[in-house]
């Protein structure tokens, strides 16, 4: 009888903790869809343990996936040259030879 009561308490506790975790993960997923500055302000208040209990990589990949599909035209953007003397726009390359965009980290 006591084992059955202990089991019920543990099950209820596990369900409550799981529902709280789902709400927490949902909140983080919602915040990830905001601009980086707002998301950064939100995350600076989170403890480090947050990174261990939330599926950040999956959430981030989904939140920042964008809407472009294969074959869509790339959106316009500007980049400052390395010597900071001018800016380059993607549209300046239109109707010229093909442009290859490589995104990555060099750290």
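Odds and ends about this structure:
- Highest-first packing order for the peptide set 77-86, 35-44, 94-103 is 35-44, 77-86, 94-103, based on the mean count of other beta carbon atoms within 10 Å.
- Cα Rg, Dmax (largest Cα-Cα span) when computed across the chain, Å: 22.9, 80
- Angle between the chain longest axis and helix 2-32 axis [Cα atoms, degrees, rounded to 10]: 20 degrees
- The alpha carbon gyration tensor of region 4-62 gives principal lengths a ≥ b ≥ c with a/c of 1.5 or higher and a/b greater than b/c, which makes the shape prolate.
- Here region 53-107 is treated as a Stokes sphere of Kirkwood radius computed over C-alpha pairs; at 10 °C and 1.306 mPa s its diffusion coefficient rounds to 110 µm²/s.
- Packing-based exposure ordering (other Cβ within 10 Å, fewest first) of 87, 31: 87, 31
Where a number appears in this text, it was derived from the coordinates with a stated rule and is not lab data. Everything numeric in this text was worked out from a predicted model, so none of it was measured. Cβ: placed from backbone, ideal geometry, glycine included. Neighbour counts: every protein chain shown.
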